[in-house]
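A.B. asks: Input: one structure, supplied below.
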Amino acid sequence: MIIPYQYNKMAAGGITEDQETHARTGVRGVFTFLANGRCNQSAMTMYRRFLDYRNVSRMEVSSGGLALNTTLGYYGTALIRSGGTMSGITVNSNASLHVSSGGTALDADVNEGASAYISQGGSASGGNVNMSGKLYVSGDTVLDGFHIVSGGHISGMGSGAIFRNIVISSGAVFSPGQYAGVSVSYITVTQNASFQCGSMVTVSHASVMSGANMYVLSGGRCYDAIVEEGGNLIHGVWGHDPETVVTGSNQYGSFYTSNGSAVGYIIGRNATQNLYYYAHAISTIISSGGILNVSFGAVASNPVVSRGGRLCLFSGGTAQDAVISSGAYASVMFFGSLLRGTCRSGGWLSLGNYGRAVSTYLERYGTMFCVSGAQATSIHVSGYVRFSNGCGAADVSVASGGSAVFMYACSGRDIVISSGASLWFSQACEFENVDVQFGGRLYVSSMCTIRNITADHCEAIGYCSVQSATLTSNGLLYMSNFCNADTLILAGNAGARLYNSCLAGNVTAVSGGSIVLSRNCSAADLSFEENGALYMDYSCAAERVSIGRNGKLFAESFCRITGVSIGPDAGLSAEYHTELENVRLDSGAVIRIYSSESRLVGVNVSSGAYFTLPVSNYATSVNVDSGGSLHVESGASAFAVTSAAGAYVTSDNGAYLEYA
């Protein structure tokens, strides 16, 4: 009925209905109270009441009472007792709604600056928590069908609370708490919103929309989640953890976490999944902006890192059969391990601080950086890889178009460089068993040591050492600036070029092989087979040299050669202050001196060999065998000459010839 104005001056327009069972304070019905605490109205049902601190400020709804479309204004309050119901409630700034055990609130809007409290055993169904509104839910209560708008906040405050059909908008906060028996079902996390499932909380049938994030803490349980493309379900994974359980589906199919194993996850933008303490992740997809961290003995199997995603392995974490896509990044640090990884074209792989990679495939235009003690084994490189600062590598193959760089005290063994590929060593690196195939290139600089090399092309500059090297047919070795080469084999038509104070020893040049020594270089124990050649200039020295059939030795400009054998039909040419000692000419061999001031000591001219000593040159201890020829030109001097019967010894007028 409508209460006449003269009896209802502070609630004009409100409607009450008083059924046969009359309202009774604290027992049944609906009651409103003035600011001074006096009861204003009572009825079993009230409609469209407005409460604020100035007039009617408080409402109580007891058993059987029903309040419809009530508005709580500034500092207005409402209390719903057991058996009471309020429906269509609007709670405005600084107003508050309280639902006691057994009370029911329906379709409540908690607006900016307002608060609502659902006590243990109470329930609320339907409504909105708007900007800066707060809804607090105690244990053993039911909250159903609420939408939390940006800035709104719902907080769980006890065990056994039940939340159903909650929608979380961007900027909203839903915190069911971390209490035993808390359950959340049919929750929707909208774009740019987030939700956290805490320890001891059970969530079922969650929908995570594109751009949304849902977090599951250790000990949380989340069943049958649906994650749209672009949405994220994020949680850490702990090995042998029976408490944290997650199941759900995404655009690629189902995923789950059980007993420390996470299978089939997609990690999207701004999301991170951490694997700890022997956890296991299988077939994880890391999308743009997503991160997978693997540590402390955890293992990620078959992860795929998409463009913009990151895979981080550290502190004993391992990834196996990983794929690093174009624009993606993977790092292996602090004793982490990558096994059987593939870095696609445009992908980036970084190893550092004793990280390890085994059986890794680096595609063309893929990039790999290794620093600070990292180790790589069984690496196939079609792109670019660089090692620095004490890294190690073994069993590395560089395909055509690929490039490998080692610098600053790196070491390793068993490297194969294919045609069209290149290998660089610099700054005190040390390697062995290097095979540079035809068309490949090897560059060595700055105090490096390389052993057991087979190469088509090799360049060494600056205090480097090359030991036990074989230059393939038509190959080239170039060394300069105080480098050292020991035990070299030059295959057919291969050549070695030594410049500026380099050393070479134990060199064998197969047919057509050649060596050039220039500017203060030295060599010892050089053997040239047929058609081989040795060229020397500018103060170089050589000892124990053998020139084979049809070979050549040319020396000029203050060079010194000791212990040289010139084979059949071979030639020795010298000019500009060259010194020759202990020279043997075989049949058909020829010595040619082209300028003055050269000196020869201990020359043996065999049968069929020919030695002409030109003007202003000097020779001593010359022996001419039968059939051999010695001719001393005018102005030249030959001392201690011995000749056998049948030898040809002649001299021009003005020559000086003295027999022993």
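The values are calculated or read from the model by the stated rules, or taken from the named source; none is laboratory data. Keep in mind that this is a model prediction, so the values were computed, not measured. Every residue, glycine as well, gets a Cβ built from its backbone with ideal geometry; the counts of neighbours run over all protein chains shown. Side chains are part of the model used for accessible areas, which takes the heavy atoms of the whole protein and leaves out ligands, DNA and RNA. Shrake-Rupley method; radii C 1.70, N 1.55, O 1.52, S 1.80 Å.
A.B. asks: Does the stretch 537-559 hold any residues that are assigned to a loop (DSSP other than H, G, I, E, B) and open to solvent by less than 50 Å² (accessible area, probe 1.4 Å), and which are they?
C.D. replies: The answer is Cys540, Gly548, Gly551, Ser557, Cys559.
A.B. asks: Among the residues of the stretch 430-438, are any β-branched (Val, Ile, Thr), surrounded by 24 or more Cβ atoms within 10 Å (Cβ to Cβ) and under 24 Å from Phe482 (Cα atoms)?
C.D. replies: yes
A.B. asks: Out of the residues in the stretch 115-130 that are closer than 15 Å to Gly88 by Cβ and small (Gly, Ala, Ser), which is most open to solvent (accessible area, probe 1.4 Å)?
C.D. replies: Selected residue: Ser125.
A.B. asks: Within the stretch 325-345, how many residues turn out to be part of a loop (DSSP other than H, G, I, E, B), over 11 Å from Ala374 (Cα atoms) and open to solvent by 40 Å² or more (accessible area, probe 1.4 Å)?
C.D. replies: The number of residues fulfilling the criteria is 4.
A.B. asks: Provide a single number: the residues in the stretch 615-660 that are touching a strand residue (DSSP E or B) at 6+ places or on another chain (Cβ under 6 Å), closer than 20 Å to Asn582 by Cα and part of a loop (DSSP other than H, G, I, E, B).
C.D. replies: Matching residues across the stretch 615-660 total 5.
A.B. asks: Looking only at the stretch 189-212, count every residue that is open to solvent by 10 Å² or more (accessible area, probe 1.4 Å) and closer than 18 Å to Thr272 by Cα and tell me the total.
C.D. replies: 7
A.B. asks: Does Leu313 satisfy the criteria of being of a type outside the set (Lys, Arg) and either touching a residue at least 24 places away in the same chain (Cβ under 8 Å) or touching a helix residue (DSSP H, G or I) at 6+ places or on another chain (Cβ under 6 Å) (or both)?
C.D. replies: yes
A.B. asks: Gly113: modelled with pLDDT of 90 or more, not in a strand (DSSP E or B) and not hydrophobic (A, V, I, L, M, F, W, C), yes or no?
C.D. replies: The answer is yes for Gly113.
A.B. asks: Among the residues of the stretch 155-164, are any buried (at least 17 other Cβ atoms within 10 Å of the Cβ) and within 41 Å of the chain's Cα centre (by Cα)?
C.D. replies: Taking every residue of the stretch 155-164 in turn, none turns out to be buried (at least 17 other Cβ atoms within 10 Å of the Cβ) and within 41 Å of the chain's Cα centre (by Cα).
A.B. asks: Quickly run through the stretch 497-524 and pick out the residues that are in contact with a Phe, Trp or Tyr (Cβ under 6 Å, 6 or more places away or on another chain) and open to solvent by less than 20 Å² (accessible area, probe 1.4 Å).
C.D. replies: Hits for the stretch 497-524 are Ala509, Ser518.
Every residue, every condition in (1) touching a residue at least 40 places away in the same chain (Cβ under 8 Å); (2) under 24 Å from Asp140 (Cβ atoms); (3) assigned to a strand (DSSP E or B), yes or no:
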site: Met46; (1), (2), (3): no, no, yes
site: Arg54; (1), (2), (3): no, no, no
site: Glu60; (1), (2), (3): no, yes, yes
site: Ser87; (1), (2), (3): no, yes, yes
site: Ser93; (1), (2), (3): no, no, no
site: Gly102; (1), (2), (3): no, yes, no
site: Leu106; (1), (2), (3): no, yes, yes
site: Asp109; (1), (2), (3): no, no, yes
site: Tyr117; (1), (2), (3): no, yes, yes
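A.B. asks: Output the residue which, of all residues in the stretch 185-194 that are part of a strand (DSSP E or B) and under 13 Å from Val208 (Cβ atoms), is farthest from the chain's Cα centre (by Cα).
C.D. replies: This residue is Thr188.
A.B. asks: Same structure, new question: From the residues in the stretch 355-378 that are closer than 20 Å to Asp414 by Cα and among the hydroxyl-bearing types (Ser, Thr, Tyr), which one is least open to solvent (accessible area, probe 1.4 Å)?
C.D. replies: The residue in question is Thr360.
A.B. asks: So which of Ser565, Ser527, Ser607, Ser596 ends up being assigned to a loop (DSSP other than H, G, I, E, B) and either touching a strand residue (DSSP E or B) at 6+ places or on another chain (Cβ under 8 Å) or farther than 25 Å from Gly627 by Cβ (or both)?
C.D. replies: None of the others qualify; the one that does is Ser596.
A.B. asks: In addition: Can you spot a residue in the stretch 304-324 that is open to solvent by less than 20 Å² (accessible area, probe 1.4 Å), assigned to a strand (DSSP E or B) and farther than 23 Å from Tyr384 by Cα?
C.D. replies: No; the residues of the stretch 304-324 include none that is open to solvent by less than 20 Å² (accessible area, probe 1.4 Å), assigned to a strand (DSSP E or B) and farther than 23 Å from Tyr384 by Cα.
A.B. asks: So, of the residues in the stretch 259-277 that are over 18 Å from Ala193 (Cα atoms) and in contact (Cβ under 8 Å) with a residue 40 or more places away in the chain, which turns out to be most open to solvent (accessible area, probe 1.4 Å)?
C.D. replies: By that ranking, first place goes to Tyr276.
A.B. asks: Give the residues of the stretch 569-589 that are over 16 Å from Val624 (Cα atoms), in contact with a Ser or Thr (Cβ under 6 Å, 6 or more places away or on another chain) and not aliphatic (A, V, I, L, M), sorted by residue number.
C.D. replies: Glu575, Tyr576, Thr578
A.B. asks: Enumerate the pairs (first residue in the stretch 409-428 and among the hydroxyl-bearing types (Ser, Thr, Tyr); second residue anywhere and open to solvent by 50 Å² or more (accessible area, probe 1.4 Å)) with beta-carbon separation below 6 Å, excluding pairs fewer than 6 apart on the same chain, so at least 6 apart or on different chains.
C.D. replies: Ser411/Glu430; Ser418/Ser400; Ser418/Gln437; Ser419/Ser400; Ser419/Gln437; Ser419/Phe438; Ser422/Arg441
A.B. asks: Answer with yes or no whether Val237 is under 28 Å from Phe296 (Cα atoms), out of contact with any helix residue (DSSP H, G or I) (no Cβ under 8 Å at 6 or more places or on another chain) and among the β-branched types (Val, Ile, Thr).
C.D. replies: So Val237 passes the test.
A.B. asks: Of the residues Tyr223, Tyr186, Tyr136, Tyr215, which is surrounded by fewer than 24 Cβ atoms within 10 Å (Cβ to Cβ) and on the phi > 0 side of the Ramachandran plot?
C.D. replies: After applying the criteria, what remains is Tyr186.
A.B. asks: Of all residues in the stretch 480-503 being free of Cβ contacts under 8 Å to residues at least 24 places away in the same chain and out of contact with any Gly (no Cβ under 9 Å at 6 or more places or on another chain), which is nearest to Arg549 (Cα to Cα)?
C.D. replies: Arg497
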